[in-house]
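Novice: Structure provided below as structure tokens; questions to follow.
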Amino acid sequence: MAAPLASPIHSVVAAATIDLAVLFLTSYFLANLVCSSSGTKQFFAGVSTVVVAIVIIHAVRIPPVDRSVVDKVLPPNKVLIVGHRGGGYDAPENTIAAIRESKKNGADGVEIDLEFTKDGVPILLHDATVDRTTDGQGPIKSFTFQEVRKLNASHGHRLSEKFPNEQVPTLEEATEECLNLGLKIFYDVKGNARQAAKALTELFKKHPSLYENAAVCSFYPDVIYMVRMTDPSIVTALTHRPGDLTYDITGKPRDLEWWQRHTAPLADMFIHWAHHSWLWYVCGNSAFVIWKNEMSQQVKAFWAHRGIQLISWTVNSATEKKLYEDFLKTNYITDCLSGDCHESKN
């Protein structure tokens, strides 16, 4: 007979205890290195470090959104199918056309990327430049909104003839389209923490239905923390891919300076530990956006014990989709809603 699984609270307490024990031992041995006196001082140095860490974490922590609200954004008994970058395989990414195609092809929601123009207008764009997705060239920060409006967001897309001359939409336009179509929205924020927090919290206040139909996601903890500090009622999710600083999405080493090649793996290890140890708790997150290669029933159970729902990306093949819908029963983000595609975008 299999041993019963640990209860959620016991699992979380055990993990926290291990983290605090490691912190104590680290502090103890560091104190030994710099202090040659009796072990009593080292012991109290370790205890003091643990106590200070606990006090700081609880002092800065933002309580999570009420579970009844989270369950409306992420229904617990339903696998949400979400269009990546609006559904960027079936139509030009991050456009109104993509959002409409996602709805037409059965999506429950869309993930869209937030950026800002030179004059501070929030728009949809994934990259830091307009080169890949439009007929323009240069950093988005060098374009005013009026200049961005003249760009063709269909440029270079495989279905550009079907969707010619799409414009780069504003955050407001995309949001209103999603709400009109009954789609859930997952705003992916690449940076600009203060600017993004201001734009998003104003958007949520203007459209109160977003509180039960949208979430803010980001790789950057400062973005999530700033959003929740500004408006604690917004559902948020941290995004994480192990080794992201060292390797790109294809698994190839990033082109780094010599010193970065040595420090990036250590930074990746710390970030991975922080995500699974205390970042989710401090930010008061309700969900975690996880890279598909990291997904398993054990990982799902780990986060379920912490009251965290999972959304996996980017799930593109028919086999993967069936796995998520029938076995893992976990929300997923996909480039293609109309069929099977094997392109995997970051």
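The values are calculated or read from the model by the stated rules, or taken from the named source; none is laboratory data. A quick note: this is a predicted structure, and the numbers were derived from the prediction, not measured. So basically every Cβ, Gly included, is an ideal-geometry build from the backbone, and we count neighbours across all protein chains shown. With ligands, DNA and RNA removed, areas are computed over all heavy atoms of the protein, side chains included. Shrake-Rupley method; radii C 1.70, N 1.55, O 1.52, S 1.80 Å.
Novice: Assuming Glu172 fulfils every condition listed in (1) open to solvent by less than 70 Å² (accessible area, probe 1.4 Å); (2) closer than 15 Å to Glu93 by Cβ apart from one, which condition is it?
Specialist: Tallying (1) open to solvent by less than 70 Å² (accessible area, probe 1.4 Å); (2) closer than 15 Å to Glu93 by Cβ, Glu172 fails exactly one: (2).
Novice: Let me ask something else. What's the total number of residues in region 232-246 that are open to solvent by 10 Å² or more (accessible area, probe 1.4 Å) and in a loop (DSSP other than H, G, I, E, B)?
Specialist: Looking only at that region, the number is 7.
Novice: Could we say that Glu147 is closer than 30 Å to Gln309 by Cα, acidic (Asp, Glu) and either open to solvent by less than 30 Å² (accessible area, probe 1.4 Å) or more than 19 Å from the chain's Cα centre (by Cα) (or both) here?
Specialist: When the stated conditions are applied, Glu147 does not pass them.
Novice: Among the residues in region 61-70, are any β-branched (Val, Ile, Thr), surrounded by fewer than 20 Cβ atoms within 10 Å (Cβ to Cβ) and either touching a residue at least 60 places away in the same chain (Cβ under 8 Å) or not in a loop (DSSP other than H, G, I, E, B) (or both)?
Specialist: yes
Novice: Here's a follow-up. If the Cβ limit is 8 Å and pairs must be 6+ apart or interchain, which residue in region 312-331 that is touching a residue at least 12 places away in the same chain (Cβ under 8 Å) and on the phi < 0 side of the Ramachandran plot pairs with which residue that is open to solvent by 30 Å² or more (accessible area, probe 1.4 Å) and among the basic types (Lys, Arg)?
Specialist: So the pair list comes out as Ser312/Lys292; Trp313/Lys292; Thr314/Lys292; Thr314/Lys345; Val315/Lys292; Glu320/Lys292; Leu328/Lys300; Thr330/Lys300.
Novice: Looking only at region 108-136, how many residues end up being out of contact with any helix residue (DSSP H, G or I) (no Cβ under 7 Å at 6 or more places or on another chain) and buried (at least 24 other Cβ atoms within 10 Å of the Cβ)?
Specialist: Going through region 108-136 one residue at a time, the tally reaches 3.
Novice: Does Ile99 satisfy the criteria of being touching a Phe, Trp or Tyr at 6+ places or on another chain (Cβ under 9 Å) and either in a loop (DSSP other than H, G, I, E, B) or open to solvent by less than 40 Å² (accessible area, probe 1.4 Å) (or both)?
Specialist: No: the conditions fail for Ile99.
Novice: Only one of these is in contact with a strand residue (DSSP E or B) (Cβ under 7 Å, 6 or more places away or on another chain), over 25 Å from Val223 (Cα atoms), at pLDDT 95 or above and not in a helix (DSSP H, G or I): Ala107, Ala153, Ala91. Name it.
Specialist: That would be Ala107, the only listed residue that is in contact with a strand residue (DSSP E or B) (Cβ under 7 Å, 6 or more places away or on another chain), over 25 Å from Val223 (Cα atoms), at pLDDT 95 or above and not in a helix (DSSP H, G or I).
Novice: Here is a list of conditions, (1) open to solvent by 10 Å² or more (accessible area, probe 1.4 Å); (2) modelled with pLDDT of 95 or more, and Asn165 meets all of them except one; can you say which number that is?
Specialist: Unmet condition: (2).
Novice: Residues that are farther than 21 Å from Leu245 by Cβ, touching a helix residue (DSSP H, G or I) at 6+ places or on another chain (Cβ under 6 Å), touching a residue at least 40 places away in the same chain (Cβ under 8 Å) and among the hydroxyl-bearing types (Ser, Thr, Tyr): does region 285-299 have at least one?
Specialist: Within region 285-299 (the criterion being farther than 21 Å from Leu245 by Cβ, touching a helix residue (DSSP H, G or I) at 6+ places or on another chain (Cβ under 6 Å), touching a residue at least 40 places away in the same chain (Cβ under 8 Å) and among the hydroxyl-bearing types (Ser, Thr, Tyr)), the answer is yes, since at least one residue qualifies.
Novice: Using beta carbons and a limit of 8 Å, which pairs, at least six apart or on different chains, have the first residue in region 93-122 and under 24 Å from Thr236 (Cβ atoms) and the second one among the polar types (S, T, N, Q) and crowded, with 24+ Cβ neighbours inside 10 Å?
Specialist: Glu93/Thr133; Asn94/Thr133; Val110/Ser102; Ile112/Asn94; Asp113/Asn94
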